[in-house]
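What follows is a single structure, written as structure tokens, with notes after it.
Nothing in this text is a laboratory measurement; each read-out follows from the coordinates by a stated rule. Given the structure is predicted, the values throughout are model-derived calculations rather than measurements. Virtual Cβ from ideal backbone geometry, glycine too; neighbours counted across all protein chains shown.
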Amino acid sequence: MCWSAPLSVDVKDAPTVVAVDARVAPEACLSMAEVRHGVDALDRALVALLAERQRYMDAAARIKPDRSVVHDDARIEDVVRKVLAAAAPAGLSPAIAEPVWRTLIDRCIAHEFEAWDRTRG
């Protein structure tokens, strides 16, 4: 996998760029091996992006002054709206996007509660 910048807290000013391994475009795949290779490459990139998202949850836990503000229904709905708006032009089905993000948000909130408790509790 090729990274243009390390995914570490040591690189404060450099943007984090996640590259995806070379793969055959889905429309050009002729074998299940090519499909699986493409899916695996995307999964590795998604893991890196999700790890970065988790670090933002750690930052939120550090910044939020009170545990009661960790769960924010208005923010949840705002995130889902933004994801659905971005999903359509990207060709991502809302039937995939919405439940995936709602689960992601739920798990991120749980992580943020754990981080808040670990650092403040």
Compute the relative contact order of the stretch 26-121 as a whole-number percentage, counting only Cα pairs closer than 8 Å that sit 6 or more residues apart in sequence. 36
Of 22, 50, 39, which is farthest along the charge dipole of the chain in the positive direction, counting Lys and Arg as +1 and Asp and Glu as -1 at C-beta? 50
Can you work out the Karplus-derived ³J(HN,Hα) for every residue in the stretch 88-105? Use 6.51 cos²θ - 1.76 cosθ + 1.60 with θ = phi - 60°, whole Hz, and x for glycine or proline. 4, x, 7, x, 8, 4, x, 5, 9, 4, 5, x, 5, 5, 5, 5, 4, 4
The answer for the net charge of residues other than residue 39 whose Cβ lies under 13 angstrom from its Cβ, with Lys and Arg +1 and Asp and Glu -1, is -1
Total charge dipole magnitude, the stretch 45-121, about the Cα centre, Cβ charges on Lys, Arg, Asp, Glu only, Debye to nearest 20: 180
Net charge contributed by nearby residues that have their C-beta within less than 15 Å of residue 77 (K/R +1, D/E -1): -1
Leading residue at positive end of dipole, the chain (Cβ point charges), from 70, 85, 110: 70
Per residue of the stretch 79-84, what does 6.51 cos²θ - 1.76 cosθ + 1.60 with θ = phi - 60° give for ³J(HN,Hα)? Whole Hz please, x for Gly and Pro, Karplus curve as stated. 4, 4, 4, 5, 5, 5
If you work out volume of the Cα convex hull per residue in Å³ from the coordinates, which of (i) 138; (ii) 127; (iii) 103 do you get? (i)
